[in-house]
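What follows is a single structure, written as structure tokens, with notes after it.
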Amino acid sequence: TVSAASPGYGSVPGATDANALNQLFVAVLGRPASSKEILAWQAYLQQGFTLNDVTVKLMTSSQYRERIPTDTAYIQQVLQTLTGQPPSTADVQAWVPRLQSVGSAERVIQATLAQFRGTAVHAADGRG
């Protein structure tokens, strides 16, 4: 499973590894990426975006959101995917109201990534 805690997970701009993208699709959307999707996301990454950015886009897609029916389940899945471990009840209880008040899953996921960036993400990319 790809997560913020996984080696090689993403904050390196321009990294375009098809295997990493495919693993991300499986982890986030529960299915492999099509060759067309791989090419599109590789082009996105070549513009200087990172796998973290792709994660945000996938987790805020209607395809992802349709798989998870409630805000609580959505936050649980987002936190688990980003950290590589089940979230605590306290974390879920803290993030669900943020999602509901902000109304933007993308902003909540970016904030979640920012919170964990100092530990899991930098540790994974060798900067932590």
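The values are calculated or read from the model by the stated rules, or taken from the named source; none is laboratory data. None of these values were measured; they are calculated from a predicted model. All Cβ positions, even for glycine, are placed from backbone atoms using ideal geometry, and neighbour counts span all protein chains on display. Note: areas computed on protein heavy atoms with side chains; ligands, DNA, RNA excluded. Shrake-Rupley method; radii C 1.70, N 1.55, O 1.52, S 1.80 Å.
Considering only protein heavy atoms, what is the solvent-accessible area of residue 39 at a probe of 1.4 Å, reported in Å² to the nearest 10?
120 Å²
Based on the Cβ-Cβ distance from residue 37 to residue 85, what FRET efficiency comes out when R0 is 30 Å, to the nearest 0.05? The partial results should precede the final answer.
Working: r = 27 Å, r/R0 = 0.91.
Step by step, r from the Cβ atoms, then E = 0.65.
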